Amino acid sequence: QKEVEQDPGPLSVPEGAIVSLNCTYSNSAFQYFMWYRQYSRKGPELLMYTYSSGNKEDGRFTAQVDKSSKYISLFIRDSQPSDSATYLCAMGWGAQKLVFGQGTRLTINP
Amino acid sequence: DAGVTQSPTHLIKTRGQQVTLRCSPISGHKSVSWYQQVLGQGPQFIFQYYEKEERGRGNFPDRFSARQFPNYSSELNVNALLLGDSALYLCASSRGQGDYSPLHFGNGTRLTVT
């Protein structure tokens with residue numbers, strides 16, 4: 001069993017839809033949770049960064065962490081074609097040595 | 001401000017050869033980490049360096065080594081290349097070693113081993 005499980009997709013939705021991306025994990029020691037966005041032939045770009053459980057909102061993006069269920073989510077509201085990318089969840093007991101999910105490939109169709 | 005810069009962007013090597021990848025962190029960042037991303041997978045942690053000292057190492061063989069210089073730039077070396085070493089090698093920097101400092105990635109070096 002992998003430490004972090006992420007559905008690789010691909011996921012395709014129409015423009016304007018709400019997108020839900022999810023990861024589960026097995027290591028209860030994880031305290032830091034991130035979401036990165038990766039465009040083709042680019043490095044991962046930090047989108048959201050949360051510590052422990054709870055919700056965090058930044059514009060159209062909301063990150064949720066449920067440590068009791070070992071489950072994290074990223075919601076994208078009013079999705080745009082420019083949101084088309086691979087989304088990577090990452091987590092660790094520190095913010096430095098991260099364990100990544102496989103990545104979900106998302107396409108937003110105009 | 002310039003982001004994390006990596007060189008070269010692409011590299012083709014033959015099995016058994018050695019390769020050196022270079023990374024310059026964001027100005028003011030003192031910690032550098034290296035990750036390997038195989039096609040279709042998420043990045044996997046290789047090394048973390050802070051103030052020129054190794055602060056963490058992932059599950060990679062001794063063929064992989066790294067170092068950090070006084071200006072906080074870093075090099076990743078891979079010896080005796082195998083076909084399986086073909087991947088995108090990502091460098092990330094953060095302000096400090098502290099657990100709260102998130103990583104910011106460069107665009108990587110794509111290594112192909114033939």
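The values are calculated or read from the model by the stated rules, or taken from the named source; none is laboratory data. Quick caveat, the model's predicted, so the values are computed rather than measured. Backbone-built Cβ (ideal geometry, glycine too); neighbour counts: all protein chains shown. Ligands, DNA and RNA are stripped out before the accessible areas are found, and what is left, the full protein with its side chains, is counted by its heavy atoms. Shrake-Rupley method; radii C 1.70, N 1.55, O 1.52, S 1.80 Å.
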* For residues in the range A:55-68 being open to solvent by 30 Å² or more (accessible area, probe 1.4 Å) and in contact with a Lys or Arg (Cβ under 9 Å, 6 or more places away or on another chain), which is farthest from residue A:85 (Cα to Cα)? -> A:64
* Structure fact -> Log entry, pairs with first residue in the range A:98-109 being on the phi > 0 side of the Ramachandran plot and within 10 Å of chain B (Cβ to nearest Cβ), second being open to solvent by 30 Å² or more (accessible area, probe 1.4 Å) and of a type in the set (A, V, I, L, M, F, W, C), beta carbons closer than 9 Å, six or more apart or on different chains, reads none
* To do: Please indicate, with yes or no, whether at least one residue in the range B:23-34 is of a type in the set (D, E, K, R), in contact (Cβ under 8 Å) with a residue 24 or more places away in the chain, farther than 30 Å from residue A:6 by Cα and not in a strand (DSSP E or B).
  => yes
* **Filter result for residue A:12 (more than 14 Å from the chain's Cα centre (by Cα), assigned to a strand (DSSP E or B), hydroxyl-bearing (Ser, Thr, Tyr) and modelled with pLDDT of 95 or more)** => yes
* **Of all residues in the range B:64-76 being open to solvent by 10 Å² or more (accessible area, probe 1.4 Å) and in contact with a Leu (Cβ under 8 Å, 6 or more places away or on another chain), the one that is nearest to residue B:25 (Cα to Cα)** => B:75
* Asked: If you take the residues of the range A:8-22 that are within 13 Å of chain B (Cβ to nearest Cβ) and in contact with a Lys or Arg (Cβ under 6 Å, 6 or more places away or on another chain), which of them is least open to solvent (accessible area, probe 1.4 Å)?
  -> A:9
* Can you confirm whether the range A:75-92 contains a residue that is at pLDDT below 95 and either within 10 Å of chain B (Cβ to nearest Cβ) or more than 13 Å from the chain's Cα centre (by Cα) (or both)? => yes
* Count, please, the residues in the range B:58-114 that happen to be closer than 20 Å to residue A:99 by Cβ and of a type in the set (Asp, Glu). => 1
* Asked: Based on what the data block shows, is residue B:5 out of contact with any strand residue (DSSP E or B) (no Cβ under 6 Å at 6 or more places or on another chain) and either in contact (Cβ under 8 Å) with a residue 40 or more places away in the chain or more than 9 Å from chain A (Cβ to nearest Cβ) (or both)?
  -> no
* Give the range A:23-53 a look and list any residue that's surrounded by 13 or more Cβ atoms within 10 Å (Cβ to Cβ), more than 18 Å from residue B:4 (Cβ to Cβ) and free of Cβ contacts under 8 Å to residues at least 60 places away in the same chain, or say none. => A:24, A:33, A:35, A:48, A:50, A:51, A:53
